[in-house]
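Quick notes on the structure that follows.
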Amino acid sequence: PLPCLNLLCRHIITHYLSLSLIMSSISIKLLLFASAREAAGGITSASIELDSDGADTKALRTKLASLYPKLAPLVLDEENLTLALNEEYVPVGEVWKLKEGDMVALIPPISGG
């Protein structure tokens, strides 16, 4: 084989591998309840892709606000929408890391009497 071709191939492979590490993503399962479900167009669950670098509950809120504009006022207000990560409530003001396969539930305020 030509040395130049081998060098070019190695360069392309190295570049591709570095891009795949930089641009990798994770998939989480999202569950929506009550007014959160209505604001998202009636969906009860979805798979959401996030960049693995910086994948946390704050990034998820931001992504959901852009994907579902009617959900934005609710999802961006931590006081008004609780997140549960793998069935554990995320306290207001805390940012938790997310990993592949996590399940996040959006839990709006419950009203009733």
**Message:** For a Förster distance of 22 Å, can you work out the FRET efficiency between the beta-carbons of Tyr89 and Ala59, rounded to the nearest 0.05?
**Reply:** 0.75
**Request:** Grab the Cα-Cα distance for Asp51 and Ile26, subtract it from 0.36 nm times how many residues apart they are, and report the gain in nm with one decimal.
**Result:** 8.4 nm
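Kindly sort Glu38, Glu100, Glu87 by accessible area of their heavy atoms, largest first, with the probe set to 1.4 Å.
Details: Glu38 135, Glu100 115, Glu87 160 Å².
The ranking, largest first, comes out as Glu87, Glu38, Glu100.
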**Message:** How large a share of the accessible area of region 23-113, in percent, is made up of carbon and sulfur atoms when the probe is 1.4 Å and the other protein chains stay in place?
**Reply:** 53 percent
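The values are calculated or read from the model by the stated rules, or taken from the named source; none is laboratory data. Source: prediction; values computed, not measured. Using ideal geometry, Cβ is built from the backbone for each residue, glycine included, and neighbour counts are taken over all protein chains shown. For the accessible areas, the whole protein counts, side chains as well, though only heavy atoms, and no ligand, DNA or RNA atoms are used. Shrake-Rupley method; radii C 1.70, N 1.55, O 1.52, S 1.80 Å.
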